[in-house]
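Computed from the coordinates by the stated procedures, all read-outs in this text should not be read as laboratory data. Source: prediction; values computed, not measured. Note that each Cβ is placed from the backbone with ideal geometry, even for glycine, and that neighbours are counted across all protein chains shown.
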Amino acid sequence: MSKILIIGAGAAGRVVTKKCLMNTSIFTDIHVASRTFDRCKKLKKECNNKIHIYKLDADIVTDTISLIKKITPAIVINMALPYQDLPIMEACLETNTHYLDTANYEPKETAKFCYKWQWDYHDRFKEKKIMALLGSGFDPGVTNAFIKFADQTIFDTIEHIDIIDCNDGDHGHPFATNFNPEINIREISQKGKYYENGNWKQTEPMAISKTINFPEVGPKKAYLLYHEELESLVKHIPSIQNIRFWMTFSESYLNYLKVLQNVGMTSIKPIVFKGKKIIPLEFLKEVLPDPAHISANYNGKTCIGCIITGKIKGQTKSKLIYNICHHKQCHDEVNAQAVSYTTGVPAMIGAKMILEKTWTGNGVFNIEEFNVIPFMNELNNQGLPWKVVDIDGPLD
Ligand code: NDP
């Protein structure tokens with residue numbers, strides 16, 4: 001049915017590519033471009049040569065435009081880094097091509113992310129009659145869908161949400177991140193932010209923590225972080241008065257991170273090393289394990305869900321919607337760990353929604369702006385089954 005171009009052949013991009021290959025009735029012709037061509041070659045081999053590959057630096061808009069013109073894909077799936085969101089959106093505008101990503105734009109020189117930069121493209125995408133679907137990973141992505149699903153099918157109004165994210169797995173490395181180390185460390189070193197009684201509140205990084213009883217996992221210490229779906233959900237579901245995001249980290253992970261921060265290795269300020277300017281965090285990324293290749297001995301599972309509280313027929317009720325994903329099953333299926341898998345599968349499903357015209361619209365959209373029932377059904381079909389259970393109240 002459709003030709004697609006995936007940009008980024010890293011940890012999550014590999015999963016998108018392989019899941020698209022499992023859905024060839026929709027994705028008939030798969031093209032993958034990435035900055036380091038060796039990654040593309042390895043991926044092509046893993047895919048039994050069933051994909052077309054290209055070397056591309058997507059920071060160079062003219063190069064991306066040329067490649068899109070050559071391939072003429074129906075959609076570009078951006079699985080590179082948040083820095084490339086705007087350049088790739090520009091290339092999609094120039095070539096009238098739909099766009100999808102899994103993380104919102106972040107400027108390289110400032111560790112700050114927000115949707116404004118991408119929402120500002122709405123009118124230009126609308127004018128060109130094309131769609132940009134933002135944040136079609138797990139969180140953001142599936143978490144937005146869980147909340148919209150609850151809004152559409154369970155609650156009359158939603159008031160309070162806690163998004164809870166636990167990786168209860170062990171990869172056997174002393175310190176490794178589960179997605180791009182640079183983006184991951186920038187995210188968790190930022191100040192915390194949450195929405196309380198209709199107002200945004202800020203905290204120092206990792207200043208608030210609590211023990212959460214994760215379903216099928218048990219009690220784990222989780223930390224309050226700012227996550228981008230909070231911004232879009234508050235905008236699109238205005239009844240929400242309180243929303244927070246919680247993520248677990250092991251004590252060992254936090255100790256390593258503290259040491260790295262204290263010695264300056266997580267800094268994004270350039271330093272001069274042997275006459276050359278380098279950014280310590282970029283250097284650190286190069287010496288850490290590659291999240292695309294840590295799945296071989298990864299045990300355990302991820303548990304990500306949303307505790308949603310609101311009114312059903314005048315009564316206050318709480319529900320938990322969640323998914324469990326096993327690292328080993330992901331490794332056996334697509335040679336990836338569960339964090340890449342839970343990112344890549346919803347990216348493929350988001351693209352499927354657009355190409356099948358299940359989701360239509362001109363402009364820039366977040367997942368919760370659509371009818372999410374078809375997306376939720378696909379999660380069950382494509383390897384990310386979910387459950388809804390009753391739960392006592394929101395978290396304290
Ligand atoms: P990786 O670092 O493993 O992969 C990124 C890939 O993009 C690499 O192959 C990299 O190339 C390539 N790339 C980087 N810059 C460019 C460029 N200028 N032009 C072309 N290719 C480029 O990261 P992940 O796969 O872990 O993450 C991918 C995206 O997914 C990120 O935006 C991340 O934030 C997002 N994510 C979203 C999640 C969600 O649930 N919503 C969860 C996890 C991740 P090279 O090999 O040269 O470095």
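DSSP assigns beta bridges within the chain; of those with both partners inside it, close to 60 percent run antiparallel.
Under 10 Å, Cα contacts only: if you run a Gaussian network model on the chain, which one of TYR223, TYR298, TYR253 comes out with the highest mean-square fluctuation? The residue that fluctuates most here is TYR253.
Show that you can apply the helix-only estimate: for the chain, add -39,500 (n - 2.57) for every DSSP H stretch of four or more residues, divide by all residues, and state [θ] at 222 nm to the nearest 500. Intermediate values should be presented prior to the final figure.
Numbers: 14 runs with 137 residues, N = 396.
Calculated at 222 nm, the ellipticity per residue is -10000 deg cm²/dmol.
Of ASP151, ASP29, the sequence from fewest to most neighbouring Cβ atoms within 10 angstrom is ASP29, ASP151.
A straight Cα-to-Cα reach below 26 Å connects LYS319 with the lysines LYS148, LYS193, LYS201, LYS210, LYS220, LYS221, LYS235, LYS301, LYS311, LYS387, residues fewer than 8 places away in its own chain not being considered. Given axes a ≥ b ≥ c from the Cα gyration tensor, I'd like to know whether the chain is rounded (a/c under 1.5), prolate (a/b larger than b/c) or oblate. Taking the square roots of the gyration eigenvalues as a ≥ b ≥ c, the chain is rounded.
Each Cα pair under 8 Å and six or more residues apart adds its sequence gap; the mean of these over the residue count of the chain is a relative contact order of 21 percent.
Kindly work out what percent of the DSSP beta bridges joining two residues of the range 2-134 are antiparallel, to the nearest 5. Walk me through the numbers on the way to the answer.
Numbers: 0 of 20 bridges.
In the range 2-134, approximately 0 percent of DSSP beta bridges are antiparallel ones.
Less than 14 Å Cβ to Cβ from LYS328, Lys/Arg counted +1 and Asp/Glu -1: what total charge do the surrounding residues give? Provide the component values of the computation, followed by the final result.
Details: positive: LYS301; negative: ASP168, ASP170, ASP332, GLU333.
For residues surrounding LYS328, the net value is -3.
Using 0.36 nm per residue and subtracting the Cα-Cα separation, the extra length available between ASN255 and LYS387 on full extension is 44.1 nm.
Let me have the relative contact order for the range 2-134, percent, based on Cα pairs under 8 Å that are six or more residues apart.
Numbers: 236 pairs, mean separation 29.9, N = 133.
Computed value for the range 2-134: 22 percent relative contact order.
When the chain is treated as a GNM with alpha-carbon contacts under 10 Å, the residue of GLY198, GLY344, GLY363 showing the greatest mean-square fluctuation is GLY198. How many angstrom lie between the Cα centre of the range 284-345 and the Cα centre of the range 9-82? Taking the Cα centre of each part, the range 284-345 and the range 9-82 sit 23 Å apart. Protection proxy ranking of 74-83, 379-388, by the mean of other Cβ atoms within 10 Å over each peptide's residues and highest first, is 74-83, 379-388.
Please report the net charge: other residues with Cβ closer than 13 Å to the Cβ of PRO219, K and R +1, D and E -1.
Working: positive: LYS210, LYS220, LYS221; negative: ASP168, GLU216.
Cβ neighbours under 13 Å give a net charge of +1.
Would you tally the net charge around SER2, using a Cβ to Cβ cut-off of less than 12 Å, leaving SER2 out, and scoring K and R as +1, D and E as -1? Local net charge: +1.
If R₀ is 41 angstrom, what is the calculated FRET efficiency for the pair GLU333 and GLU282, using the beta carbon separation as r and rounding to 0.05? Spell out each step's value before the answer.
Values: r = 32 Å, r/R0 = 0.77.
Calculated value: 0.85.
Bridgeable lysines around LYS41 (alpha carbons under 16 Å apart, same-chain partners fewer than 8 residues away excluded): LYS18, LYS50, LYS55.
Tell me whether the range 76-183 comes out rounded, prolate or oblate; compute the Cα gyration tensor, take square roots of the eigenvalues as a ≥ b ≥ c, and use a/c under 1.5 as the rounded threshold. Mind showing how you got there, number by number?
Details: a/c = 2.19, a/b = 1.15, b/c = 1.89.
Verdict is oblate for the range 76-183.
Between THR302, THR97, THR316, the residue with the greatest mean-square fluctuation in the GNM of the chain (Cα pairs under 10 Å linked by springs) is THR316.
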